[in-house]
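The values are calculated or read from the model by the stated rules, or taken from the named source; none is laboratory data. All figures in this text were calculated on a predicted structure; none of them were measured in a lab. So basically every Cβ, Gly included, is an ideal-geometry build from the backbone, and we count neighbours across all protein chains shown. Areas reflect the complete protein model, heavy atoms only, side chains present, ligands, DNA and RNA absent. Shrake-Rupley method; radii C 1.70, N 1.55, O 1.52, S 1.80 Å.
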Amino acid sequence: MDFQKRHALIKEWMREAASMILASFQEELTVEVKTHRNDLVTNMDKAIELFLIKKIQQSFPSERIMGEEGFGNQFQDLKGTVWILDPIDGTLNFVKQKRNFAIMLAVYHDGIGQMGYIYDVIEKELYWGMKDQGAFCNEEKLPVVEDVSLKEGLVAINSGMFATNRYHTTEMGLASSGVRMVGSAGIETVHVASGRLAAYLSYSLCPWDIAAGKVIAEEVGLVYKKLNGEAVDLLNNNGIIVATPKAYQEILTEYLLKK
Ligand code: 2AM
Ligand code: CA
């Protein structure tokens, strides 16, 4: 795989997509409800997905694309090179806050993450990682994370999961330094990768919420697993934990697997 050629193209596409999103703030958004009142899609989610798919197809016509809004291919397996994209991660934040959302794109080969990109559009921070080559924020290399314990670190948890105390998340939050919630799997994952959080947990994330963050997280020494400790499955929804190795072990055995 020609990583450098792909990297240059992806960076250009992400910046162009970000400009489209920023320009859209001057216009009225069209917002539709998907599965429930907090699961939204806007005209911009669709426009960005179509834009990225067109760019990928122009440069890599034989490669398959998995996209949240359904303009890509359908998948029964992850054989070959597969692009996984979420045009706007944190759509609810995009609509209500105009911040705390990200564009996410990943390249997998035979089910293994090769490249992951998460662009925090408002902060102008492009987080990216390449298999065995490290992770970066813009041009700056992210160090391997310090292996902090739960007690020593802040944790981010999906708000529904925390509010209903699923998987003993209340006790887990109390055992940590504190709980933080953003509402974008991508942004919360890059905060773990940058050492600002010890862990992020969410139930029911889709493959495109996971794909890019997993590459970046693993490049800085984080653990990225399902809530039962198994490997994530990018053909289905997963409850996930991304954490330092120490915090992961503690959270898994003392909270997630507790009856
Ligand atoms: P999205 O904005 O791309 O839908 C919010 O806690 C996080 O969970 C976001 O990253 C959001 O991604 C993701 N998520 C996954 N499935 C969701 C759903 N059905 N409703 C709302 N958010 C969802
Ligand atoms: Ca999305």
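Odds and ends about this structure:
- One residue stands out among those in the stretch 83-103 that are within 8 Å of ligand 1 (Cβ to nearest atom) and among the aliphatic types (A, V, I, L, M): the one that is nearest to Glu219 (Cα to Cα), which is Ile88.
- Restricting attention to the stretch 82-105, the residues that are in contact with a Lys or Arg (Cβ under 8 Å, 6 or more places away or on another chain) and hydrophobic (A, V, I, L, M, F, W, C) total 2.
- Odd one out for Asn93 among (1) farther than 20 Å from Glu123 by Cα; (2) surrounded by 14 or more Cβ atoms within 10 Å (Cβ to Cβ); (3) touching a residue at least 60 places away in the same chain (Cβ under 8 Å): (1)
- Subset of the stretch 93-130 (residues that are more than 22 Å from Val182 (Cβ to Cβ) and within 16 Å of the chain's Cα centre (by Cα)): Val107, Tyr108, Ile112, Gly113, Gln114, Met115, Met130
- Of all residues in the stretch 233-259, those being surrounded by fewer than 19 Cβ atoms within 10 Å (Cβ to Cβ) and of a type in the set (Val, Ile, Thr) number 1.
- Qualifying position, being over 16 Å from Ala247 (Cα atoms) and not aromatic (Phe, Trp, Tyr), among Ala198, Ala175, Ala163: Ala163
- Among the candidates Ile103, Ile112, Ile122, the residue that is in the same structural domain as Ala8 (by TED's automatic domain parsing), within 12 Å of ligand 2 (Cβ to nearest atom) and of a type in the set (A, V, I, L, M, F, W, C) is uniquely Ile103.
- When residues of the stretch 44-56 are limited to those that are open to solvent by 60 Å² or more (accessible area, probe 1.4 Å) and touching an Asp or Glu at 6+ places or on another chain (Cβ under 9 Å), the one nearest to His7 (Cα to Cα): Leu50
- Among the residues making up the stretch 186-201, those that are crowded, with 24+ Cβ neighbours inside 10 Å and among the hydroxyl-bearing types (Ser, Thr, Tyr) are Thr189, Tyr200.
- Residues located in the stretch 19-38, provided they are within 16 Å of ligand 1 (Cβ to nearest atom) and in contact (Cβ under 8 Å) with a residue 40 or more places away in the chain: Ile21, Leu29, Val31, Asn38
- Single residue of the stretch 131-151 satisfying the filter (closer than 21 Å to Lys258 by Cβ and not hydrophobic (A, V, I, L, M, F, W, C)) that is most open to solvent (accessible area, probe 1.4 Å): Lys151
- Any strands (runs of 3 or more DSSP E) falling wholly within the stretch 1-119 and containing at least 1 residues that are farther than 20 Å from Ile187 by Cα and of a type in the set (Lys, Arg): 64-67
- Of all residues making up the stretch 57-82, the number that are buried (at least 23 other Cβ atoms within 10 Å of the Cβ) and more than 16 Å from ligand 1 (Cβ to nearest atom): 1
- Subset of the stretch 74-95 [over 13 Å from Leu234 (Cα atoms) and either within 16 Å of ligand 2 (Cβ to nearest atom) or in contact with a helix residue (DSSP H, G or I) (Cβ under 8 Å, 6 or more places away or on another chain) (or both)]: Asp86, Pro87, Ile88, Asp89, Gly90, Thr91, Leu92, Asn93, Phe94, Val95
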